[in-house]
1. Here is a list of conditions, (1) at pLDDT 85 or above; (2) surrounded by 11 or more Cβ atoms within 10 Å (Cβ to Cβ); (3) assigned to a loop (DSSP other than H, G, I, E, B), and residue 54 meets all of them except one; can you say which number that is?
2. State yes or no: is residue 64 at pLDDT below 85 and within 17 Å of the chain's Cα centre (by Cα)?
3. Show the residue pairs meeting these rules: Cβ distance below 7 Å; 6+ apart or different chains; first residue within the range 55-77 and closer than 21 Å to residue 42 by Cβ and of a type in the set (S, T, N, Q); second residue part of a helix (DSSP H, G or I) and modelled with pLDDT of 85 or more.
4. If I ask for residues that are surrounded by 10 or more Cβ atoms within 10 Å (Cβ to Cβ) and either in contact (Cβ under 8 Å) with a residue 60 or more places away in the chain or not small (Gly, Ala, Ser) (or both), which ones from the range 28-40 would you list?
Amino acid sequence: MTPPCAPSPGNRRTRATRPEILVVHGGGRVFTATLKRMGIDSNSVAGLRVTNRETRDVAVMVFAGLLNKRLASAISAKAQQHGHFRRG
């Protein structure tokens, strides 16, 4: 049986014919500003943010919510502008 995470042979063909796109975004400034607006202290050790449960929840809210939606909207707008938008 094929493991659930393994691509099927059909997916391999599709992936071979389409370019893969990887988008990496920051967002630390928005995250820090959101913590500040919410009155949550942000602590760092050796330049790395220390994340407790409260800051983790805000991180999910900012990155998976606000920033992800902004990013997806910007990509969609550019695709439509250049005629690359397809309806599924």
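1. Condition (3) is where residue 54 drops out.
2. Here the answer is yes, as residue 64 does meet what is asked.
3. Short answer, once both residue conditions are applied: 55/35.
4. Result: 30, 31, 32, 34, 35, 36, 38, 40.
The values are calculated or read from the model by the stated rules, or taken from the named source; none is laboratory data. Just so you know, these numbers come straight off a predicted model, no measurement behind them. Heads up, the Cβs are rebuilt from the backbone with ideal geometry, glycines too, and the neighbour counts pull from every protein chain shown.
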